[in-house]
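Structure, as structure tokens:
The values are calculated or read from the model by the stated rules, or taken from the named source; none is laboratory data. Since we're looking at a predicted model, the values are computed, not measured. Counting neighbours? That spans all protein chains shown, and the Cβs are built from the backbone with ideal geometry, glycine included.
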Amino acid sequence: MKFLEEVINELVVSFKAVYGVDVDVHKLLLSPTKKEFDGDFTLVIFPFVKDLRKSPEQIGDEIGKHMVQISSQVQGYNVIKGFLNLSLSDQFWKANLDQIVDTSLYGNLEAKHEKVMVEFSSPNTNKPLHLGHIRNILLGWSCAKILQAAGYEVIKTQIINDRGIAVCKSMLAWSLFGDGKTPESTGIKGDHFVGDYYVLFETKFQEEYGEWQSTAEGQTIFATRADLDQSEAAFFKAYKNDYFNNYSALGKAAKEMLLAWEAGDGPTVSLWKKMNAWVYAGFEETYDKLLVNFDKYYYESDTYLLGKDAVKKGLDLGVFYQKEDSSIWIDLTDAGMDHKLVQRRDGTSVYMTQDIGTAQLRYQDFGATKMIYTVADEQDYHFQVLFEIMKRLKEPFADGLFHLSYGMVDLPTGKMKSREGTVVDADDLMAEVIAEAKAASDERGEIAEISAAEQQETIRKIGIAALKFFMIKVHPKKRMTFDPKESVDMQGQTGPYIQNAYVRIKSILRRANDGFGDYSTYNELEDQEKVLLTLVMSYPDVVLEAANGYDPSTIANFCYSLAKEFHKFYHDIRILGAETENAKSFRLTLSSVVAKTLQHGMDLLGIEMPEKM
């Protein structure tokens, strides 16, 4: 904590004066004193016992006495076993409060002059953004914001999966069954419109497959290929992909469409561009609702052939090896992985090849020395392999690659499946959470006096905050269940609970229209004032911790702790009705920096703060 630097420097002086030793400042770990003990900050003595050959109690007592003598900030101490508890002067607290007030972007760290690229969202153009994308987007966006606050130059990007057999399924279904309908003619949002045809393809395919199963051809295949104890239903469930690839008329048409696209066929490419444009327009609407944006878009249709030069280079360097069938591989067994294909025998790329080439392209484009991939934990192994390959290719950015891996999101009702149309769309989820926020607000009736437009905007902010905070507060690696009703609980660990602390402070400050005044002569600070200010003082360290760990939940949980502490402070300590004007001024100023810190922290999570709620 930078606010303790002077105290730490004085501890260094004390150890030198008392024992004649130069102490490593990294051993001087000061942390807030536990509430059951007297003091403000605690120094752990045990790391010095071996070198000084004294008991921890004796070291603590001798250092404590010297600190009281030389320090203008330490006014008392006590020693509990191996812990030196220091009590700091009122001047220490007031000076640090002054410093926070004078810092315009409190929580932003010094510029690091280093570029970081954060990839997130990266949807497919055959379906709308859904619940899983929501967690991805919110983690990636907040990670980018946190890294920016930590002093990095951040480039936000995504790679859109705009090609392949799944996209062709949507295209084919619209061609066969769309009757020329468009998002405009139907009033359906573009990505939902195209996604409906992806679901329709699956419906039509299942009908075709069901009819085929009872044909002579289907029954012959079942009779000759089924296991002895395998039921007809179990066999055909397992045989679905084989049917699609070898017998299905729809499957054949979809594959022919993919080949036509790869060959640059004019009508096919024109249809692909038209339907993708519908999807992109829909995506942008959703991004706008989530208040997210990107600096650079990459498209798989542009990048799927990348990486071949890297494969050739790796082959020349001996990083890769070629089999007799001409396919190219890498042996990663010495790194605890397996042999990985990087180029097929016919010379075509695989996803790994494409990712190698895309990373190289991004470095050429921006020179980012760190690249963060926000991708579900289902791809953990893929990124382990990718990062190891980049190291062996000696790419200059290889040590800066990080997989922001996250667990899947469930609903109380269970899992979702895109092809069957049981996915919860991102837009529908946002609407549901906003509806829950409205129901809760109507029940309380607290914003009834403001205009209808203001009410609508406030409820939108509360609902989106509920969604975002609930998603982000859980550590990324943990699987989670999202409950819309629980997310708007004003008394729980939720976004609205934190917003309420901010709104409460803003209300207090509006009522204190005579200004904060002077608090320089305010003495005998309350313990709760110190606890609250200590939390605010720790905020820059929290930002750094979140940035280093690529973990937005660190910020979310800090904001909850700060809001909770302020609610307690508000309940126990008089602010506008303080016993003296100095006390009132101090508490108003303290409340204002709590609001400023909450607003900054929630902004890092992509959350807006309302003025009333």
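Numbers for the structure displayed
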item	result
Q384 being in a helix (DSSP H, G or I), under 27 Å from F201 (Cβ atoms) and modelled with pLDDT of 90 or more	no
Residue that is surrounded by the fewest Cβ atoms within 10 Å (Cβ to Cβ), among those in the range 327-357 that are at pLDDT below 95 and over 19 Å from S301 (Cα atoms)	D346
Neighbours by Cβ (under 8 Å, 6+ apart or cross-chain): first from the range 567-581, assigned by TED's automatic domain parsing to the domain that holds L598; second surrounded by 11 or more Cβ atoms within 10 Å (Cβ to Cβ) and among the acidic types (D, E)	F569/E529; I573/E526; I573/E529
Filter pass, M416 being at pLDDT below 95, out of contact with any Leu (no Cβ under 6 Å at 6 or more places or on another chain) and among the aliphatic types (A, V, I, L, M)	yes
Flag for N78 being on the phi < 0 side of the Ramachandran plot and touching a Phe, Trp or Tyr at 6+ places or on another chain (Cβ under 6 Å)	no
Some residue of the range 314-334 being assigned to a helix (DSSP H, G or I), without any contact (Cβ under 8 Å) to a residue 40 or more places away in the chain and within 30 Å of I155 (Cα to Cα)	no
Flag if K273 is basic (K, R), within 13 Å of M171 (Cβ to Cβ) and out of contact with any helix residue (DSSP H, G or I) (no Cβ under 7 Å at 6 or more places or on another chain)	yes
Residue match in the range 233-250 (condition: hydrophobic (A, V, I, L, M, F, W, C) and touching a residue at least 40 places away in the same chain (Cβ under 8 Å))	yes
Filter pass, Y321 being under 26 Å from W261 (Cβ atoms) and touching a helix residue (DSSP H, G or I) at 6+ places or on another chain (Cβ under 9 Å)	no
Enumeration of residues in the range 335-351 that are without any contact (Cβ under 8 Å) to a residue 40 or more places away in the chain, outside any strand (DSSP E or B) and closer than 13 Å to V385 by Cβ	G336, D338, V350, Y351
Qualifying residue in the range 209-231 (condition: surrounded by fewer than 18 Cβ atoms within 10 Å (Cβ to Cβ) and touching a Ser or Thr at 6+ places or on another chain (Cβ under 8 Å))	yes
Condition met for G140 (crowded, with 16+ Cβ neighbours inside 10 Å and either in a helix (DSSP H, G or I) or free of Cβ contacts under 8 Å to residues at least 12 places away in the same chain (or both))	yes
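For every residue, the table says whether it meets (1) modelled with pLDDT of 95 or more; (2) touching a helix residue (DSSP H, G or I) at 6+ places or on another chain (Cβ under 8 Å).
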site	(1), (2)
E524	no, yes
K530	yes, yes
Y550	yes, yes
N557	yes, no
D572	yes, yes
